[in-house]
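I have placed the structure first, in the form of structure tokens, so that the comments after it can refer back to it.
The values are calculated or read from the model by the stated rules, or taken from the named source; none is laboratory data. Here the structure is a predicted model, which means the values were calculated and not measured. No Cβ is skipped: glycine too gets one built from the backbone with ideal geometry, and neighbour counts run over all protein chains shown.
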Amino acid sequence: MKRRKKTELHIVRDDDEIMINKVLSELQDEDKTEEELQEEAAEKKAKNKKILIRVALASVLVLGILVAVYLHTFTSANTVTSYHAEAASNNSYYQFADGVLKYSRDGIVYLNRKNEEIWNHPYQIKNPMVESYEETAMVADKGGNYIAVFDEKGVLGEMQTSLPIEKAAVSKQGIVSVLLKNENAPKIVCYDMAGNLLVELKTAFSATGYPMDISISEDGTMLLVPYLCVENGGVVTKVVYYDFSGDKSANKKYDIVTDVYEGMMAPTAFFMNSSISAVVGDNRLLIYKGAEKPELLTTIVLEKEIKSVFNNEKYIGLVLKNEGKAGYELCLFNTVGKKVLSEEFVGDYTHVKVDRGQVLMYDGKKCSVFTRTGIHRFDGEINSNILEIFATAGLNKYIVMSENGMEIIRFIK
């Protein structure tokens, strides 16, 4: 009988091989002297130190480049991308939501950031003006009777006024407040998006004074109006807040706040957010706080003449004329009245705005940009006449609207 051959064959698995190598390594280490182990540890430490130094130097270099770029005042602009459109000298542009509005006497178009048309609304008006509150906007015919309200998706409603439009404002919910011309007795009215009349306020110069501006709150329930009055031979401004949130009966008094300021004219008033509003006079800035019954939070005395006023939800901006020397002072105030920016500059700019923590001033091809921290980022000319400009994603990149369409530019030396 044939005997079977006995086998003792063992297959070495990967795990076993790793274990064997580990044991062999430990045995080798045990054979090394303490002096050799210390020498290896020192070499390893030195190697790690060199790596850390290289990383630190690279980080300092990158940081230095970024700081140099950030602090540098650029004087030229390079076109990164162009989205050309049919030239039209009568178009105006307005930054809105995540795109831009192109409007004229013949209609309004919403464009995305590639100059592609999202929607188009035709009309025939003589003097279009556009206002917005976050992602709701309106176009009104100044001196005419037409108003349209819209958002990113299209037109929400249209309305016709009974009297010529002097000023108009829109809330986040699409409620529109309008100041209507009527000789010595102008009217203030509010409409919903369907054009239904919600409130009508009659004014008289001999009683309330003449309304200089109007602004409506985020939720559309409160109206801010500065009135110009003449009392005892002097100029007086009455700052009035109206609350429309309750009963809207014909005999109800809507005014909840009336503050009187002697020796001041106030042509500008606006709500910044749900609880902060401001009135800009010729010699002082008033900031009010409160969503239900606003109260004066702070008064900032202005010792220079105002050239421009602009704002967003975080900042109130003023361009003030210097006295005794050329140029202007650019100021930004936060919502509690603290001056967070004060920079001097020369040159006249017809357009000033604040966007993404930057102040952008432009006129024709000329452009000047300051950051909120006071860095003069750009001072030079763009290739085309600027009709609108705003910051976009990327280092020193901006979107410029001109007669030729849309360009994405980058500031360079």
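With (1) without any contact (Cβ under 8 Å) to a residue 40 or more places away in the chain; (2) touching a Phe, Trp or Tyr at 6+ places or on another chain (Cβ under 9 Å); (3) within 23 Å of F378 (Cβ to Cβ) as the list, and I316 as the residue in question, which single condition is left unmet?
The number of the failed condition is (1).
Failed condition for S177, given (1) buried (at least 18 other Cβ atoms within 10 Å of the Cβ); (2) out of contact with any Cys (no Cβ under 6 Å at 6 or more places or on another chain), with all others met?
(2)
Assuming N90 fulfils every condition listed in (1) outside any loop (DSSP other than H, G, I, E, B); (2) at pLDDT below 95 apart from one, which condition is it?
(1)
Residue by residue, here is whether (1) part of a strand (DSSP E or B); (2) modelled with pLDDT of 95 or more; (3) among the aromatic types (F, W, Y) holds:
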residue	(1), (2), (3)
V279	yes, yes, no
T298	yes, yes, no
E323	no, no, no
G337	no, yes, no
V340	yes, yes, no
Y349	no, yes, yes
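Would you mind finding the one in T373, T335 that is exposed (fewer than 14 other Cβ atoms within 10 Å of the Cβ) and among the polar types (S, T, N, Q)?
Of the residues listed, the single one that is exposed (fewer than 14 other Cβ atoms within 10 Å of the Cβ) and among the polar types (S, T, N, Q) is T373.
Say whether the condition of being farther than 16 Å from I386 by Cβ, touching a Ser or Thr at 6+ places or on another chain (Cβ under 9 Å), at pLDDT 95 or above and part of a loop (DSSP other than H, G, I, E, B) is met by at least one residue in segment 99-111.
Yes, there is a match, as at least one residue in segment 99-111 is farther than 16 Å from I386 by Cβ, touching a Ser or Thr at 6+ places or on another chain (Cβ under 9 Å), at pLDDT 95 or above and part of a loop (DSSP other than H, G, I, E, B).
Given the condition within 17 Å of C331 (Cα to Cα) and touching a residue at least 60 places away in the same chain (Cβ under 8 Å), answer yes or no: does some residue in segment 358-369 qualify?
No, there is no match, as no residue in segment 358-369 is within 17 Å of C331 (Cα to Cα) and touching a residue at least 60 places away in the same chain (Cβ under 8 Å).
Within segment 354-370, restricting attention to residues that are surrounded by fewer than 21 Cβ atoms within 10 Å (Cβ to Cβ) and either among the aliphatic types (A, V, I, L, M) or closer than 20 Å to N311 by Cβ (or both), which residue is farthest from the chain's Cα centre (by Cα)?
Within segment 354-370, the match that is farthest from the chain's Cα centre (by Cα) is D363.
Being of a type in the set (D, E), surrounded by fewer than 18 Cβ atoms within 10 Å (Cβ to Cβ) and free of Cβ contacts under 8 Å to residues at least 40 places away in the same chain narrows it down to one of E152, E183, so name that one.
Result: E183 is the single residue among E152, E183 that is of a type in the set (D, E), surrounded by fewer than 18 Cβ atoms within 10 Å (Cβ to Cβ) and free of Cβ contacts under 8 Å to residues at least 40 places away in the same chain.
Which pairs turn up if I take residues in segment 257-280 that are in contact (Cβ under 8 Å) with a residue 60 or more places away in the chain and under 18 Å from G337 (Cβ atoms) and look for partners that are among the charged types (D, E, K, R) and in a loop (DSSP other than H, G, I, E, B) with beta carbon separation below 6 Å, at least 6 apart in sequence or on another chain?
M272/E313; N273/E313
Can you name the residue in segment 186-208 that is of a type in the set (G, A, S) and either within 13 Å of I147 (Cα to Cα) or modelled with pLDDT of 90 or more (or both) and is also surrounded by the fewest Cβ atoms within 10 Å (Cβ to Cβ) among such residues?
Within segment 186-208, the match that is surrounded by the fewest Cβ atoms within 10 Å (Cβ to Cβ) is A194.
Out of the residues in segment 100-134 that are within 18 Å of A168 (Cβ to Cβ) and of a type in the set (K, R), state the one that is surrounded by the fewest Cβ atoms within 10 Å (Cβ to Cβ).
Filtering segment 100-134 for residues that are within 18 Å of A168 (Cβ to Cβ) and of a type in the set (K, R), the one surrounded by the fewest Cβ atoms within 10 Å (Cβ to Cβ) comes out as K126.
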